Amino acid sequence: MDIDKLFNRQGAWLQGTGPDSDIVISSRIRLARNVDGYPFVNRASEQNLVELLALVEDVFKRKFDESKVHYFSLQKMPQIDRYYLLERQLISRKLAESDIPRAVLIDRDEHFSIMVNEEDHLRLQAMTSGLDLQNVWNRISEIDDLLENELPVSFDEQRGYLTACPSNIGTGIRVSVMLHLPGLVESSELERAFRGLQKLSLAVRGIYGEGSSAMGEFFQISNQVTLGQSEEELIMQVAEVVPQIIEYERQARKHILETQKDSLLDRAFRAVGIMKTARTMSVEEAMEFLSRMRLGISLGLFTELPQEDNVSNGVPQLLNDLLLHIQPSHLCKIAGKELSGSDENVFRVAYIRKQLEDAF
């Protein structure tokens, strides 16, 4: 499959159709696995890595429907395509920037992907829109079982799954939820809420996970520890905490609407006005303005919403699309050429302006 064809589809995690999707952008579960008899990726020879690719590709051809799941080698893939997959949350930054033999399997609807030769031999991940961790777990568990039936996975009776990073030993699971929290940011309650998460061994990261910064008031919350607890216990830990964060966010939104409505109106309409009139805009600025628009729409500040069928929890699909399309590699795909520096910023705001013309 041509990677460009992904552009005309919206990934499962950004469809805005799941529970509480006005606040919870996506739910994701990742599993780290290694093939027994091979050194970890950071100690493996190139021959080892090539053999691992061949093993996984063989399983792919025998066990997956090639019309629904696609195998991509990243070694010869252009940089723009690798970053394009990163922006769609289908691969990690490490896989995008590595120069070793590596690959990724991607479900056509972007419900799951399997990274090969990332930090571990296999990184399995499944994702969906809104807060729906049980559905995600069912999907990733099924894929995990399939692979374990085909490949000898490194496992120790006492330590559990053996992984390259000690923090992943045990279940090898990372449960994460991406949230939009402008209410807590505006009310200065975010730091307090996040301190409580740290006490529960939950980490807070930016929109692209570990090592990334928060943009547009989007954050990822995930477990830090995998050893000593079962997969179900770790999923439940996140599943029980996130509804509390959602409730805090709803309360914060209600409070600022009651006490700062004029200021909220001003920021929301300024965001629209700036995006429709500006001539240059960075991705950070665009994310901030889109965040203000999402908040304004969710609070009913815009009397006229885009006339489209796909509106979930008050958030039009247009805004979910823009979250992806304003990213650098997506813009290059839209432009049909490489963009950098000022050219990228000029094209970004022109594209946004065109998308907003009929909507706002």
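Taken over the stretch 154-172, residues that are in a helix (DSSP H, G or I) and either within 30 Å of residue 18 (Cβ to Cβ) or among the β-branched types (Val, Ile, Thr) (or both) amount to 2.
Applying the set (1) crowded, with 21+ Cβ neighbours inside 10 Å; (2) at pLDDT below 95; (3) basic (Lys, Arg) to residue 123 leaves exactly one unmet item: (2).
A single member of 282, 312, 291, 329 is open to solvent by 20 Å² or more (accessible area, probe 1.4 Å), modelled with pLDDT of 85 or more and among the hydroxyl-bearing types (Ser, Thr, Tyr), and it is 282. Looking across 175, 204, 104, one residue alone is crowded, with 21+ Cβ neighbours inside 10 Å, assigned to a strand (DSSP E or B) and without any contact (Cβ under 8 Å) to a residue 40 or more places away in the chain. It is 104. Of the helices (runs of 4 or more DSSP H) lying entirely inside the stretch 221-300, those containing at least 1 residues that are under 27 Å from residue 348 (Cα atoms) are 261-277, 283-298.
Of 186, 240, 217, all but one fail to be open to solvent by 30 Å² or more (accessible area, probe 1.4 Å) and under 17 Å from the mean Cα position of the chain (by Cα); the exception is 217. Beta carbons closer than 7 Å, at least 6 apart along the sequence or on distinct chains, pair a first residue in the stretch 346-360 that is of a type in the set (Gly, Ala, Ser) with a second that is modelled with pLDDT under 95 and not in a loop (DSSP other than H, G, I, E, B) for 359/318.
Within the set of pairs 6+ apart or on separate chains, which have a first residue in the stretch 265-286 that is touching a residue at least 24 places away in the same chain (Cβ under 8 Å), a second that is of a type outside the set (S, T, N, Q) and open to solvent by 50 Å² or more (accessible area, probe 1.4 Å), and C-beta atoms under 7 Å apart? From residues that are touching a residue at least 24 places away in the same chain (Cβ under 8 Å), the pairs are 267/292; 268/292; 271/292; 275/353; 276/353; 279/346; 280/346. Please verify whether residue 348 is at pLDDT 95 or above and open to solvent by 70 Å² or more (accessible area, probe 1.4 Å), treating the condition exactly as stated. So residue 348 fails the test.
For the stretch 43-94, residues that are assigned to a loop (DSSP other than H, G, I, E, B) and of a type in the set (Lys, Arg) total 3. The residues of the stretch 7-19 that are of a type in the set (A, V, I, L, M, F, W, C) and either surrounded by 20 or more Cβ atoms within 10 Å (Cβ to Cβ) or in a loop (DSSP other than H, G, I, E, B) (or both), listed by number, are 12, 13, 14. Can you find even one residue in the stretch 146-159 that is on the phi < 0 side of the Ramachandran plot and under 22 Å from the mean Cα position of the chain (by Cα)? Among the residues of the stretch 146-159, not one is on the phi < 0 side of the Ramachandran plot and under 22 Å from the mean Cα position of the chain (by Cα), which makes the answer no. The condition (being open to solvent by less than 10 Å² (accessible area, probe 1.4 Å), at negative phi and either assigned to a helix (DSSP H, G or I) or at pLDDT 95 or above (or both)) is satisfied by just one residue among 319, 323: 319. Restricted to the stretch 136-153, and to residues there that are assigned to a helix (DSSP H, G or I) and either among the aliphatic types (A, V, I, L, M) or modelled with pLDDT under 95 (or both), the residue that is surrounded by the fewest Cβ atoms within 10 Å (Cβ to Cβ) is 146.
Of the listed requirements (1) within 15 Å of residue 11 (Cβ to Cβ); (2) open to solvent by 40 Å² or more (accessible area, probe 1.4 Å); (3) charged (D, E, K, R), residue 97 misses just one: (1). Say whether the condition of being in contact (Cβ under 8 Å) with a residue 60 or more places away in the chain and at positive phi is met by at least one residue in the stretch 57-67. No, every residue in the stretch 57-67 fails to be in contact (Cβ under 8 Å) with a residue 60 or more places away in the chain and at positive phi.
Working carefully through the options 85, 162, find the one that is touching an Asp or Glu at 6+ places or on another chain (Cβ under 8 Å) and of a type outside the set (S, T, N, Q).
Selected residue: 162, the only one of 85, 162 that is touching an Asp or Glu at 6+ places or on another chain (Cβ under 8 Å) and of a type outside the set (S, T, N, Q).
Examine the stretch 256-271 for a residue that is farther than 22 Å from residue 319 by Cβ and open to solvent by less than 30 Å² (accessible area, probe 1.4 Å), and state whether such a residue exists. Within the stretch 256-271, none of the residues are farther than 22 Å from residue 319 by Cβ and open to solvent by less than 30 Å² (accessible area, probe 1.4 Å). Number of residues in the stretch 27-42 that are part of a strand (DSSP E or B) and open to solvent by less than 10 Å² (accessible area, probe 1.4 Å): the value is 6. The set of residues from the stretch 1-48 being farther than 17 Å from residue 318 by Cβ, under 20 Å from the mean Cα position of the chain (by Cα) and aliphatic (A, V, I, L, M) comprises 3, 6, 12, 23, 24, 29, 31, 32.
The values are calculated or read from the model by the stated rules, or taken from the named source; none is laboratory data. All figures in this text were calculated on a predicted structure; none of them were measured in a lab. Note that we place each Cβ from the backbone using ideal geometry, even for glycine, and neighbour counts take in every protein chain shown. Ligands, DNA and RNA are stripped out before the accessible areas are found, and what is left, the full protein with its side chains, is counted by its heavy atoms. Shrake-Rupley method; radii C 1.70, N 1.55, O 1.52, S 1.80 Å.
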